[in-house]
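Note sheet for the following structure.
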């Protein structure tokens, strides 16, 4: 796994400097719902990776909240047939993509990627 909690939290802080804890929890709830709506293992892995990435953003604001949500992600991983290796690979792949994306803040305080990519 290339990405770590620290590398993702640092990216989060640089990419979303005006994010809030409430906005991150709202985003986590979106990702959680998407995880439960996923109808294939591939989609479940992708959504679980999104949940982990958002939790890294939550941990940036509150270690205790971060621990609570990390535990929730770990619990969902344990209930599934998804391996840690599959999740790790998905997190790395998602972050590679996320680092190239342009992000826009919503009225709810969450962020969503646009269809644009950053120019290098």
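Laboratory data are not the source of any read-out in this text; all were calculated from the coordinates shown. This structure is a prediction, so every number in the text was calculated from the model and none was measured. Every residue, glycine as well, gets a Cβ built from its backbone with ideal geometry; the counts of neighbours run over all protein chains shown.
Nearest 10 degrees, 0 to 90: what angle lies between the long axis of helix 5-15 and the longest principal axis of the chain (Cα atoms)?
30 degrees
Using alpha-carbon positions, what is the distance between the centroids of the range 80-106 and the range 55-74, in Å?
If you average the Cα positions of each part, the centres end up 16 Å apart.
Quick one: angle between helix 41-61 and the longest Cα principal axis of the chain, in degrees between 0 and 90, rounded to 10, please.
50 degrees
What ranking, highest mean first, results for peptides 54-63, 11-20 when packing means the other Cβ atoms within 10 Å averaged over each residue?
For the peptides 54-63, 11-20, the packing ranking is 54-63, 11-20.
For a quick check, take a GNM of the chain with Cα springs below 10 Å and name the residue from 95, 64, 51 with the largest mean-square fluctuation.
Top of the fluctuation ranking is 64.
Going highest first, how would you order 88-94, 75-81 by mean Cβ packing within 10 Å?
The peptides rank, most packed first, as 88-94, 75-81.
Fully extended, how many nm does the chain gain between residue 22 and residue 99 (0.36 nm per residue separation, minus their Cα-Cα distance)?
Full-extension gain reported as 25.5 nm.
Give, as ranges by residue number, the residues of the range 1-19 whose backbone N falls under 13 Å from the point 7 Å along Cα→Cβ of residue 92.
1-4
Taking Cα atoms, how many degrees apart are the long axis of helix 21-37 and the longest axis of the chain, rounded to 10 and kept between 0 and 90?
Orientation of helix 21-37: about 40 degrees from the principal axis.
If I take R0 = 25 Å and measure r between the Cβ atoms of residue 74 and residue 117 in this structure, what FRET efficiency does the formula 1/(1 + (r/R0)^6) give, to the nearest 0.05?
After rounding to 0.05, the efficiency reads 0.20.
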